[in-house]
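Let me begin by presenting the structure, written as structure tokens, before commenting on it.
The values are calculated or read from the model by the stated rules, or taken from the named source; none is laboratory data. All values derive from a computational prediction rather than experimental measurement. Using ideal geometry, Cβ is built from the backbone for each residue, glycine included, and neighbour counts are taken over all protein chains shown. For accessibility, only protein heavy atoms count, side chains too; no ligands or nucleic acids. Shrake-Rupley method; radii C 1.70, N 1.55, O 1.52, S 1.80 Å.
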Amino acid sequence: VLTGCVLAIGFLFAVAILGLRYWILPNIAEYREDIARIVSETTGRKVEIGYIRANWEGLRPQLVLEQVRVLDAQGRPALEFSRVDNTLSWLSLVTLQLRFHALDVHRPMLEVRRDASGAIFVGGVQLTSDSAFANWLLRQRDVEVIDATVAWTDEQRGAPRLEFKHVDLHLINRGSRHRFGLHAIPPRELAAPIDLRGDLRGDNVEALVDWNGRMYLELGYTDIAAWRQWVTFPVHFPRGQGAVRAWLTYSERNLTGATVDLRLANVQTRLAADLPELDLAELSGRMGWTSSPAGFELVTEKLGLTTTRGLTLHPANLRLNMIAGTNSALARGEFQINALELEPLAA
């Protein structure tokens, strides 16, 4: 019986390959509307395909779609792609769902908008109300977006339109594990190219608060104060430039760890309403913070600063470890620092 089943499966697989190679793929243009309908039903959005052709990547069929448009709920173009390369996965036959071994999108134009009520729309699709497409995307093995243009419009803040050029995204999905790398070029007067990477675990975009993982952000240079039009800062920040690298860890809905390399210059800020303004000529060093149910730890490495008035806090290595109290033990902690100058710190 087992031998017969194996032979039957092999025979059906061979028939499928021969049918695709000599019957379906050579006449793929005739199935353009059918393919558009299947993709529309899978993603939950109306999809239009201008041109389609086919070839092979090893034993996997590959479809090349051109002039692809995704329409929003009102029938308006929400996403447009000049070309999409799809390498089909044989898992489509097993799962009875459209699956790709690789999905490459070339030079798309993407509009991201937040309306006056705070709802966010990506390509005309509201994130909180329509997750079918995003969840389908997380089930694809390898997704790559090449040379995209992404525009951000914030109607709630009334901020100017912000456009990122030459955006490259690579997304690798393996079950509930999702790894991605994002590279984007913002306007030159705002910042240097942005590098963002992540290794996350989760199953559904509707439950992002339950996702865990790590993220990395690198900004070679940025005019921090210039971002006030689009970002709300927790403190008053009228002036400042700098560079940053950050490693963030999330677990059980909380930020459990952060390590940040900073180099700031010409900074003017006010840390609290009842404090005077702090003018920094320079601040540099590393800061790290980790949290657990038992307590938290704060560390710095070569963290120092110089104010415009000439006060200098020389680079210092600091470690503060606090352990929460329990029914059987008092709260306790440990503080270490290699060099401490009280006068500039008090000032």
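Does the stretch 325-347 contain at least one residue that is over 30 Å from Val209 (Cα atoms), open to solvent by less than 50 Å² (accessible area, probe 1.4 Å) and modelled with pLDDT under 90? So far as the stretch 325-347 goes, yes, one or more of its residues are over 30 Å from Val209 (Cα atoms), open to solvent by less than 50 Å² (accessible area, probe 1.4 Å) and modelled with pLDDT under 90.
Being open to solvent by 40 Å² or more (accessible area, probe 1.4 Å), under 30 Å from Ile337 (Cβ atoms) and either out of contact with any helix residue (DSSP H, G or I) (no Cβ under 6 Å at 6 or more places or on another chain) or free of Cβ contacts under 8 Å to residues at least 60 places away in the same chain (or both) is a property that Glu277 has.
Those residues that are open to solvent by less than 40 Å² (accessible area, probe 1.4 Å), of a type in the set (A, V, I, L, M, F, W, C) and farther than 23 Å from Leu138 by Cα, I need them from the stretch 171-193; list them, please. Selection gives Leu190, Ala191, Ala192.
Scanning the stretch 257-266 for residues that are buried (at least 17 other Cβ atoms within 10 Å of the Cβ) and over 13 Å from Ser284 (Cβ atoms) yields a count of 2. Selection of the stretch 151-170 for residues being closer than 14 Å to Asp195 by Cα and not β-branched (Val, Ile, Thr) yields Phe164, Lys165, His166, Asp168, Leu169, His170.
Each row is one residue, and each column tells you yes or no for (1) under 28 Å from the mean Cα position of the chain (by Cα); (2) under 23 Å from Leu219 (Cα atoms); (3) among the aromatic types (Phe, Trp, Tyr); (4) at pLDDT 90 or above.
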{"residue": "Leu262", "(1), (2), (3), (4)": "yes, yes, no, yes"}
{"residue": "Ala273", "(1), (2), (3), (4)": "no, no, no, no"}
{"residue": "Leu278", "(1), (2), (3), (4)": "no, no, no, no"}
{"residue": "Ala281", "(1), (2), (3), (4)": "no, yes, no, yes"}
{"residue": "Arg286", "(1), (2), (3), (4)": "yes, yes, no, yes"}
{"residue": "Pro293", "(1), (2), (3), (4)": "yes, no, no, no"}
{"residue": "Leu303", "(1), (2), (3), (4)": "no, yes, no, yes"}
{"residue": "Gly310", "(1), (2), (3), (4)": "no, no, no, no"}
